[in-house]
Amino acid sequence: MKITFLGHASIQIQIGETNILVDPFISGNPKASHININNLKADYILVTHAHQDHILDVEAIAKRTGAVIISNFEIVTHYQNKGIEGHPMNHGGSWEFDFGRIKYVNAIHTSSFPDGSYGGQPGGFVIEGERKNIYIAGDTALTYDMKLIPLQTKLDLAILPIGDNFTMGIDDAIIASDFVECDKILGYHFDTFGYIEINHEAAKRKFFDKDKDLMLLEIGESIEL
Ligand code: NI
Ligand code: MN
């Protein structure tokens, strides 16, 4: 499984031959100006919630690639009405896709579309790939529901928001990594705007002091699991 950070909360995941994009917000992110959305491959686009900083490039990429949207019922319906294919889910539900199993899990946040219309309830995704399992928390507060995840899935990586203000910050993300029982963390949802700027070295040190590994990738940088 190859994971590429595309800035903010945008992630690309390659599982075998399958390309999965998560929450593409690239063309509106000045820090990601070296990433061209017209070059991104996508068989599926996972959307955690309907906020602009998670859906900005969904429509353009889905229309170019024919990617299938995987999200909550309301978000999938929104895109189906634009002629885009989708697979609707809701909290607690899982489905076996051709690349692996996905469970749509709870997040504590909000989920309106940019025009104020209802975007369902926000979520995160647990992805069980061929050999590796990951958790993409989405925008969320620290929540006890995270403790449910390791009852069923042994995670190899937890992708957690760390920017604070709109989501968990560093200290809560450390507790979240305890709850999901995964000490390898990829931080996201930081530095994009003024409200969520963090001190990278201080953040890494805090995780390190708890025997955890916080990875902060450059935009465009990949890791292999
Ligand atoms: Ni949000
Ligand atoms: Mn966000």
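Can you tell me how region 47-194 classifies by the Cα gyration tensor, rounded, prolate or oblate, using a/c under 1.5 as the rounded cut?
Details: a/c = 1.85, a/b = 1.28, b/c = 1.44.
Because a/c hits 1.5 or more and a/b fails to exceed b/c, region 47-194 counts as oblate.
In what order do R131, R101 fall by count of nearby beta-carbon atoms within 10 Å, going from fewest to most?
Values: R131 10, R101 14.
Lowest count first: R131, R101.
How much net charge surrounds D178 when only other residues with a Cβ under 12 Å from its Cβ are counted (Lys, Arg +1; Asp, Glu -1)?
On the way: positive: K147, K210, K212; negative: D171, D172, E181, D183, D211.
Charge balance in the 12 Å sphere: -2.
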Mean separation of Cα contacts under 8 Å, 6 or more apart, over the residue count of region 2-217: relative contact order %: 13
Under the Karplus curve 6.51 cos²θ - 1.76 cosθ + 1.60, θ = phi - 60°, whole-Hz ³J(HN,Hα) for region 148-154, x wherever Gly or Pro sits: 6, 4, x, 5, 10, 9, 8
Whichever aspartates and glutamates have a C-alpha closer than 16 Å to that of K132, once near sequence neighbours (fewer than 8 apart) are set aside: E17, E96, D98, D156, E181, D183, E224
Under Karplus coefficients 6.51, -1.76 and 1.60, residue-wise ³J(HN,Hα) of region 42-56 in Hz, glycine/proline x: 8, 9, 9, 10, 8, 10, 6, 6, 8, 5, 3, 6, 10, 10, 3
Cross-link reach list, aspartates and glutamates versus K82, counting only Cα pairs under 19 Å and skipping chain neighbours closer than eight places: D23, D43, D57, E59, E74, D115
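Please order D115, D213 by the number of other Cβ within 10 Å, starting at the fewest. Display every interim value, and only then the final one.
Numbers: D115 7, D213 13.
Sorted ascending by nearby Cβ count, the order is D115, D213.
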Nonlocal amide H pairs with I70, under 5 Å, H built at 1.01 Å: I45, L46, V47, H87
Cα-Cα over 18 Å, subset of K103/K204; K41/K103; K154/K212: K103/K204; K41/K103
Percent antiparallel among DSSP beta bridges (both partners in region 2-217, rounded to 5): 55
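Could you compute how fast region 31-128 diffuses translationally, taking Rh as the Kirkwood radius over C-alpha pairs and applying Stokes-Einstein at 10 °C with viscosity 1.306 mPa s? Give it in µm² per second. Each step should come with its number before you reach the end.
On the way: Rh = 13.8 Å.
Estimated diffusion coefficient is 115 µm²/s.
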Distance (nanometres) between label positions extended 7 Å along Cα→Cβ at Y144 and E218: 4.4
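Read the figures in this text as sums done on the coordinates, not as results from a lab. Source: prediction; values computed, not measured. No Cβ is skipped: glycine too gets one built from the backbone with ideal geometry, and neighbour counts run over all protein chains shown.
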